[in-house]
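Q: Quick one: the structure is below, and I'll ask about it shortly.
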Amino acid sequence: MDLIWFVAEMAVYVSVGYWGFARTTWPRRLGMAIGGIVLFATVWGLYCAPLATFPLDGAAKVAVEAAWFAAGAAALVAARRTRTRGRRPTVRPPGAPGR
């Protein structure tokens, strides 16, 4: 069971990192990716990790974990929307000038 939690936690970090790299400019990509991962790792380490600084129990822990995983899923959805926004495939006739 611990392995499943670990894999799920790593998936959240990957989705947050992917969200950060879906930004527009290179410095913003790097900052958002690293900052997002650090923020999520800090929240997990403070409240939800087995050796947490401020361990939660009961409903509070379930609520924080649910919000944490939901935010990771939302980051993945937001990254996908950012990547495809404004980029519709166009079919140009042969010989037409491109961008």
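Q: Residues of segment 1-30 being among the polar types (S, T, N, Q) and either over 8 Å from the mean Cα position of the chain (by Cα) or surrounded by fewer than 16 Cβ atoms within 10 Å (Cβ to Cβ) (or both), which ones? Please lay out each step first, then the result.
A: First, pick out the residues of segment 1-30 that are among the polar types (S, T, N, Q): 15, 24-25.
Those that are among the polar types (S, T, N, Q) and either over 8 Å from the mean Cα position of the chain (by Cα) or surrounded by fewer than 16 Cβ atoms within 10 Å (Cβ to Cβ) (or both): Thr24, Thr25.
Q: Another one. With respect to the numbered conditions (1) at positive phi; (2) modelled with pLDDT under 90; (3) not aliphatic (A, V, I, L, M), which one is the sole condition not fulfilled by Arg87?
A: Only one criterion is unmet by Arg87, namely (1).
Q: Moving on to the next point. Could you please let me know if Tyr47 is without any contact (Cβ under 8 Å) to a residue 60 or more places away in the chain, touching a Leu at 6+ places or on another chain (Cβ under 8 Å) and surrounded by 13 or more Cβ atoms within 10 Å (Cβ to Cβ)? Reasoning before the result, please.
A: On the way: without any contact (Cβ under 8 Å) to a residue 60 or more places away in the chain: yes; touching a Leu at 6+ places or on another chain (Cβ under 8 Å): yes; surrounded by 13 or more Cβ atoms within 10 Å (Cβ to Cβ): yes.
Here the answer is yes, as Tyr47 does meet what is asked.
The values are calculated or read from the model by the stated rules, or taken from the named source; none is laboratory data. Bear in mind the structure is a predicted one, so any value in this text is a computation, not a measurement. Here the Cβ is made from the backbone with ideal geometry for all residues, glycine too, and neighbour counts use every protein chain on show.
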